[in-house]
Structure formats: C-alpha cells, structure tokens
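The values are calculated or read from the model by the stated rules, or taken from the named source; none is laboratory data. Because the structure is predicted, anything quoted here is derived from the model rather than measured. For neighbour counting, all protein chains shown are included, and Cβ atoms are generated from backbone atoms with ideal geometry for every residue, glycine included.
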Amino acid sequence: MIKKADLPDTIPIFPLGGVLLLPRSRLPLHIFEPRYLQMIEDALKTSTRLIGMVQPNIVPGRSGPGLHTIGCGGRISQFSETEDGRYMVTLAGISRFRVVREVEGFTPYRRCDVSWDGFDLDLEAEETDAAFKRKPFLDALGRYFEVRGLSADWETLKDADDELLINSLSMMLDFDAEDKQALLEAPSLSTRRETLVTLIEYALRGGGEGEMMQ
C-alpha cells in the first residue's frame, strides 16, 4: 500500500470529462493518443506509477480547457499493449488530491503540482456507511435502470460491500461531468451515497419535471 509520504508532489494529468476514479476503485482505460501513450510510458518508469485523473473545467477567457481543483490519483495496476500500439491499462484509485498549479515543461501531456492534504481517509481501510438502507436504495436503482433500459447483476449488487457498491455506481452511471465531480468531492462515503441518491431521484423525476416515477 502506498503511504502519504510516498506520494509525489508532481504528477502527470489525464483530463477526461465525465470519467470518475475514486479511492480503492478500479478504472479501465483505452489509451491511443500519442501524448497519452507517452504519459503511460513515463509513469511506468516511476516507483509509484501514478496518474492523476482530473475532469476538464471550462474557464471563460482561457484558450484551452482548465482543470477542476480536485482529482484522484490512480496507480497503473494492469498494463497491456495491442498489436497496433494502443495501451489497455487499469488504474487503481489511491487518493484524491488538490491541484496547486500546472507545471510548464517539455512533456506532450499536462503535469501538475498537487497536494494530498485533507484526504487521509483515502489511504486507509475501506469505508462503511452505517446509515445506508440498502433495500430502498436498490428499489430506486431498479427504477432508474428500467427507465434507462439498463441491465444489472442484482445478486452481485445485493451482496456487494457498501463502498464497492456506492463507488462503482458513482463511476459507472451516466451522470454529467459536474455531477461526477460532486460525487468525487463528497467528503465521506455517506455523503457520496446521499449525493448519488439525489442524482438518481432527480433523473427519475425526468430532470426536475413532473413527479417521481413509481
């Protein structure tokens, strides 16, 4: 397990809108752009193999996309190369961080100085959610899946640990980028679950129009 003292002050950044990585979760990525192929190669040469996942943030007056302040560092835990030179990687979420400043340099990808302060719980054991009422949550989730035409392995969902269930759904469900950012920035598992429930209920109301579907 990576300790806080081992986390680097400067990390490569992969800005990807609508994609969420959370601590103790896993994110598969398909890498094909040359600059990000280089990023993966460079990260694999480091002891931590860390990449920072950050959502782009449109800033008025800026020529290119800015970055949200909070992101999550992921360690390359699996890596393979396809015959045509693309990379298939899996990131294991380690800890959230706060972007301090973007670093100017000669790499084709972006790099940032970051602070890991304030996210000590991310480096500890799995979180639990004592107030989590699973049955009403899964009932609402079932209605959401039905409306969206989605399928699920309900036995697996019923048996999943609180953190695995809440974080996996936060990463998987098709919310917009700002909603994904709110889920990332939730200070605890219980507040992330509350945010997730709010987003599901909002979607069931048709984005705020009419009554909640039954």
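For region 1-25, a residue qualifies if it is surrounded by fewer than 17 Cβ atoms within 10 Å (Cβ to Cβ) and either in contact (Cβ under 8 Å) with a residue 12 or more places away in the chain or polar (S, T, N, Q) (or both), and the qualifying residues are Met1, Ile2, Lys3, Lys4, Asp6, Pro8, Asp9, Thr10, Leu16, Gly17, Gly18, Val19.
A Cβ distance below 6 Å, combined with a sequence gap of six or more or placement on separate chains, defines the contacts here; from region 32-46, residues that are closer than 12 Å to Phe14 by Cα reach residues that are modelled with pLDDT of 95 or more and among the charged types (D, E, K, R) in the pairs Ala43/Arg49. In this structure, is Gln214 at pLDDT 90 or above and not assigned by TED's automatic domain parsing to the domain that holds Ala43? No; evaluated as a whole, the condition is false for this residue. Listed by position, the strands (runs of 3 or more DSSP E) contained in region 34-133 that have at least 3 residues being surrounded by fewer than 15 Cβ atoms within 10 Å (Cβ to Cβ) and either outside the structural domain of Ala177 (by TED's automatic domain parsing) or at pLDDT below 95 (or both) are 70-81, 87-103.
Based on this model, can you work out whether Leu184 counts as outside the structural domain of Leu67 (by TED's automatic domain parsing), in contact (Cβ under 8 Å) with a residue 40 or more places away in the chain and under 23 Å from Met53 (Cβ atoms)? Criteria met by Leu184.
For region 151-204, a residue qualifies if it is basic (Lys, Arg) and closer than 13 Å to Leu141 by Cα, and the qualifying residues are Lys158, Arg193.
Here Leu183 meets each of (1) assigned to a helix (DSSP H, G or I); (2) within 18 Å of the chain's Cα centre (by Cα); (3) loosely packed, with under 14 Cβ neighbours inside 10 Å with one exception, condition (3).
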